Amino acid sequence: MDITSKEENKLLQKVEVTATMLFEGATPNRKDVQQAIAAQIKAKETLVIITKIDTAFGNSKAIITANVYADEKVMLAGERKNLVEKHKGHDSQEAKAKEEVEKKTAEPVAKEKTE
């Protein structure tokens, strides 16, 4: 991933980032892009909001726009609610998947004990 521009918006207390990313196969998901941008800018993942991942058909290059906030309160006040919910959804989806795997592995053990 290459960061092509990084502009500080002092009024809205955020850094507006534009980056390009080369990939193979499917377009990278928001969580992966969020982690990559947070690592390069040295910010918390929870304060990075991916606003757009733009790809051309048949091209393995994505142009990404993101906002990096200094504070969660400012992020919640200034960012669209649907984008904040999308980014919060990553953690809950992963937790749900882990719970389902644990339930599936626990069910056969419970059945064996009853038999």
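Annotations
- Of all residues in segment 68-93 being surrounded by 15 or more Cβ atoms within 10 Å (Cβ to Cβ) and more than 13 Å from residue 30 (Cβ to Cβ), the one that is farthest from the chain's Cα centre (by Cα): 78
- Segment 39-54, residues that are crowded, with 16+ Cβ neighbours inside 10 Å and within 15 Å of residue 21 (Cβ to Cβ): 41, 48, 50, 53
- Qualifying residue in segment 64-86 (condition: part of a helix (DSSP H, G or I), in contact (Cβ under 8 Å) with a residue 12 or more places away in the chain and under 15 Å from residue 4 (Cβ atoms)): no
- Residue within segment 96-112 that is in a helix (DSSP H, G or I), of a type in the set (Ser, Thr, Tyr) and at pLDDT 65 or above present: yes
- Filtered residue count, segment 28-63, keeping only those that are part of a loop (DSSP other than H, G, I, E, B) and in contact with a helix residue (DSSP H, G or I) (Cβ under 9 Å, 6 or more places away or on another chain): 4
- Scanning segment 1-35 for residues that are of a type in the set (Gly, Ala, Ser) and in contact with a strand residue (DSSP E or B) (Cβ under 7 Å, 6 or more places away or on another chain) yields 5, 19.
The values are calculated or read from the model by the stated rules, or taken from the named source; none is laboratory data. What you are looking at is a predicted structure, and each value in this text was computed from that prediction instead of being measured. Here Cβ is always computed from backbone atoms with ideal geometry, including for glycine, and neighbour counts include all displayed protein chains.
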